[in-house]
Structure formats: structure tokens, C-alpha cells
Amino acid sequence: MIVGAGVDVVPIARVARLVGDHRGDLRRIFTTGEQAWCKAARAPQRDGRYAAAFAAKEAVLKALGSGWRSDLEWSDIDTRARTDDGTVVLSGGTRREADRQAIVRVFVSVAITADAGIAAAVAEAAGGDAGGGNDARG
């Protein structure tokens, strides 16, 4: 049953500033796998990958219906690690939020344009009817 969906667009210029400001402490935002994926690309594609990864994190939070809040860590959403069924790996506060809602999977798709990273996420819970709209939690 789909219980949430989220989409986000992050301008590459915005994330390039963010990465520049936090270069010494990117672990607070990006997992080791995400950083490796981004660093493997040459500039300017590198910043596009960071934008896509950040957009994916935002889209996941929207799909969970929580948005960012102080008990969640950006690095609790690993957009590069995948479970056996191809979904993103959640840990910490985001995993607890997903468990609270019986969400068993979060699917993410990303795209990179010349100007932005774009991501869409869909959260799936176990069993029941899908309902309607973006958020079937009622």
C-alpha cells in the first residue's frame, strides 16, 4: 500500500555552496556511499550528484510525511545503499518514523539536469488498500 510520495528539486548552485561551507563535515549530511558516488564524478557533475542526493533525502522526508525536524539526521537516509528490493536504507530517526507508520519500503528515483538535482520518493506500507491522493494515511 502506498502511503506517501514526495518530490524535490534542488538547485545545483545552492548545494555547491552547502558542500563548500561543510566540506570538512559532510558526514552530517551525506553518507560515506553518497560522498563516494559524488566524488567519483568530475566537476561540474559532482555538484549535480550532491544536489540529486540532497533532493532524494528531501523527497524521502516528504514521502514519510514528516519533513525535516530536529530528531532526524540527514545521514539517516542513505540514497546510494540499496536493500535487496532496490529501496533506500533508512536508519536512526527516519527508520523509527518509518516503523511508526509501518512503512516497509521507500523507493527513490533521481535525475540531474544542467541546473538541478531532482528526486521522487514513494513510501510503501505493508498490507491494506492504497487509498487515494499523495497521502493515504488519512
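All of the numbers you see were taken from the coordinates with simple rules; none came from a lab. Model, not experiment: these values are computed from the prediction. Virtual Cβ from ideal backbone geometry, glycine too; neighbours counted across all protein chains shown.
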Original post:
Relative contact order of the chain: what whole-number percent is it, with Cα pairs under 8 angstrom and at least 6 residues apart?
Top reply: 39
Original post:
Three principal axis extents, largest first, for the C-alpha atoms of segment 1-45, in Å?
Top reply: 39, 22, 19
Original post:
Hey, what do the phi angles of segment 57-67 turn into as Karplus ³J(HN,Hα) couplings, whole Hz, using 6.51/-1.76/1.60 and θ = phi - 60°, x for Gly and Pro?
Top reply: 4, 4, 5, 4, 4, 5, 5, 6, x, 9, x
Original post:
At a Förster radius of 35 Å, what calculated FRET efficiency corresponds to the Cβ-Cβ distance of Arg69 and Ala111, to the nearest 0.05?
Top reply: 0.85
Original post:
Fewest first, what order do Lys57, Lys39 take by the number of other Cβ atoms within 10 Å?
Top reply: Lys39, Lys57
**OP:** Would you mind calculating the relative contact order of segment 40-100 from Cα pairs under 8 angstrom and at least 6 residues apart, reporting the percent as a whole number?
**Re:** 25
Subject >> Under-5 Å amide H pairs with Ala116, H placed in peptide plane, nonlocal only >> reply: Ile12
Original post:
Tell me, what ³J(HN,Hα) does each residue in segment 11-17 have, in order and in whole Hz, if you take phi through Karplus 6.51 cos²θ - 1.76 cosθ + 1.60 with θ = phi - 60° and put x for Gly and Pro?
Top reply: x, 4, 4, 5, 6, 4, 5
Subject >> Highest average packing first - 109-120, 71-82, Cβ atoms within 10 Å >> reply: 71-82, 109-120
Original post:
Plugging the Kirkwood radius over Cα pairs into Stokes-Einstein for the chain, at a temperature of 20 °C and a viscosity of 1.002 mPa s, what D comes out in µm²/s?
Top reply: 143
Subject >> Dipole magnitude of segment 2-125 about its Cα centre (Cβ charges: Lys, Arg +1; Asp, Glu -1), debye to nearest 20 >> reply: 340
